[in-house]
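Below is one structure; the comments refer to it alone.
The values are calculated or read from the model by the stated rules, or taken from the named source; none is laboratory data. Only a predicted model underlies this, so the values are computations on that prediction, with no experimental measurement involved. As a convention, Cβ positions derive from the backbone with ideal geometry for all residues, glycine included, and neighbour counts pool all protein chains shown. The protein model used for the area step is the full one, side chains on, heavy atoms only, and it has no ligands, DNA or RNA in it. Shrake-Rupley method; radii C 1.70, N 1.55, O 1.52, S 1.80 Å.
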Amino acid sequence: MDRKGILIVVSGYSGVGKGTLIKKLTSRYSQYALSISATTRAPREGEADGREYFFKTEEEFKELADTGRLFEYARYCDHYYGTPKDYVEEQLGQGRDVILEIEQQGALKVKEQNPDALMLFVMPPDAQTLVERLRGRDTETEEVIQQRLAQAVEESKYVDRYDYMVVNADLDRAVEEVHHLIESQHMMISRNLDFAKQIQDELIELAGKLRD
Ligand code: 5GP
């Protein structure tokens, strides 16, 4: 039985810890392929080109978009972010589950074009915790923090477009919840119609033989 890869979109408010959650998920389970995005924002301390992001100039990014090499892209807080197309298609083709950790506009475009995509939204246990995490990260100026909070308010209006939420209160638990959600998707009949049909054909054949 061939297992088909699932396209998984993970969004969540800035500072909610979705990056950490996904890193842990992908290091714990080898079935996942994590897409690395291109962005025009500057690297944060500790980020490396080709590991967290492919860091691009605006011209380079536009070139990627104009030549159709992005699966989706969006502008978020004054910068461009986009998903390289080849990697996503390659990995899905090999039956791996591909994770896109992307913001909402891009996420909704992906869902429109890929109705089978599984849409997950990571929630903080409460709003105050989110603000504290955003401040505690110590990588952003107060101005950027406020911009990201305003963005979070905007995003909160569209969470009903997602399929499932995972509350990131306890990291390990959240990782397991995401993994189980994805595993259960693999068991959906609608994702296994070929297999169901194969069993049906075998049953018909066997029943026929036994009758004769
Ligand atoms: P950050 O600057 O904190 O790394 O990312 C800002 C936001 O951009 C996050 O919500 C992140 O999920 C999103 N993002 C990262 N890569 C992409 C991408 O390729 N496409 C889209 N649409 N959003 C992305």
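What do you reckon, how do 51, 75 stack up by accessible area (1.4 Å probe), largest on top? Mind dumping the intermediate values first?
Values: 51 140, 75 100 Å².
Sorted by accessible area, descending: 51, 75.
Full extension of the chain between residue 206 and residue 146 gives 15.0 nm of extra length, using 0.36 nm per residue less the Cα-Cα distance. Here the relative contact order of the chain, from alpha carbon pairs under 8 Å that lie six or more residues apart, stands at 29 percent. Rolling a 1.4 Å probe over the protein heavy atoms gives the chain an accessible area of 58 Å² per residue. Note on residue 159 and residue 198: their simple-model spin labels are 4.0 nm apart, each label 7 Å out from Cα toward Cβ.
Taking 24 Å as the limit for the C-alpha separation, the pairs 4/85; 24/109; 56/109; 4/62; 62/109; 18/85 exceed it in the case of 24/109; 4/62. Over all Cα atoms in the chain, the spread is summed up by Rg and Dmax: 19.9, 79 Å.
Charge tally around residue 80: other residues with Cβ under 13 Å, Lys/Arg +1 each, Asp/Glu -1 each, net -4. Close amide H pairs (under 5 Å, H built 1.01 Å from N) link residue 12 with 122, residues at least 5 positions away or on another chain.
Expressed as a whole percent, the accessible area of the chain that falls on carbon and sulfur atoms is 52 (1.4 Å probe). A protection proxy built from the mean count of other Cβ atoms within 10 Å ranks the segments 147-157, 96-106, 193-203, most packed first, as 96-106, 147-157, 193-203. Electrostatic tally near residue 96: other residues with Cβ closer than 12 Å to its Cβ, Lys and Arg +1, Asp and Glu -1, net -1. Excluding residue 193 itself, calculate the net charge of residues whose Cβ lies under 14 Å from the Cβ of residue 193, where each Lys or Arg counts +1 and each Asp or Glu counts -1. Net charge in that neighbourhood comes out at 0. Report, for the chain, the % of DSSP beta bridges that are antiparallel, rounded to 5. The antiparallel proportion sits near 30 percent.
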